[in-house]
Amino acid sequence: MVKLFTIGFTKKSAEKFFNLLRNNQVKKIVDTRINNVSQLAGFAKGSDLKFFAKEIGAIDYEHNIDFAPTKELLARYRDKKISWQEYEIEYLNLLDLRNIVQKTDVEKLHENCLLCSEHTPEKCHRRLLAEYLKQVKTNIEIIHLIK
């Protein structure tokens, strides 16, 4: 069974965020954001997050933009030009176009954690990605780290 975690960094202190990762024995953070360099990300800015994860929890870090939505798709959703349902369809189609199933060794995602900014997974591409991978490789247990 592959344990695949997901987490969003907003509405979490660094202490809460890193304790969730450590307490669940996460081995690697897989950053699924298109833009991981924003100053608004605070402790979750890509280069800082890589450092903190290694120092605080001996957790590896990888930025995988193949897992990220395009800037255009994200902007259309944020600007309310498309609904969440339309966003879901377009994002999942994007994963197909990028051959994510063929490119991803799901077994290597064991004890990894998909990261994005959304606080909860309901309207977040990290959940869609985890569920997408589970459709292909059914022995995935998805665990959303929220509280």
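What follows is calculated from the coordinates using simple rules that are stated; it is not laboratory data. Keep in mind that what you see is a predicted model, and the values were worked out from it rather than measured. Here Cβ is always computed from backbone atoms with ideal geometry, including for glycine, and neighbour counts include all displayed protein chains.
The table for this structure:
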read-out	value
In range of the label at Asn99: residues from segment 111-138 whose backbone nitrogen is under 19 Å from the point 7 Å along Cα→Cβ	133, 136-137
Rounded to the nearest 20 debye, dipole of the chain from Cβ charges on Lys, Arg, Asp, Glu	320
By average C-beta atoms within 10 angstrom, highest first, the peptides 83-96, 102-115	102-115, 83-96
Most mobile listed residue (Phe51, Phe67, Phe17) in the chain, GNM with C-alpha springs under 10 Å	Phe51
Option label - Cα Rg over 2.2 N^0.38 Å computed here, alternatives (i) 1.11; (ii) 1.03; (iii) 0.99	(iii)
Set of lysines with alpha-carbon distance to Lys134 below 20 Å, sequence-local pairs under 8 removed	Lys3, Lys27, Lys28, Lys103, Lys108, Lys123
Qualifying aspartates and glutamates (Cα of each under 14 Å from Cα of Lys12; at least 8 residues distant if same chain)	Glu118
Peptides 119-127, 4-12, 72-80 ordered by average Cβ neighbours within 10 Å, highest first	4-12, 119-127, 72-80
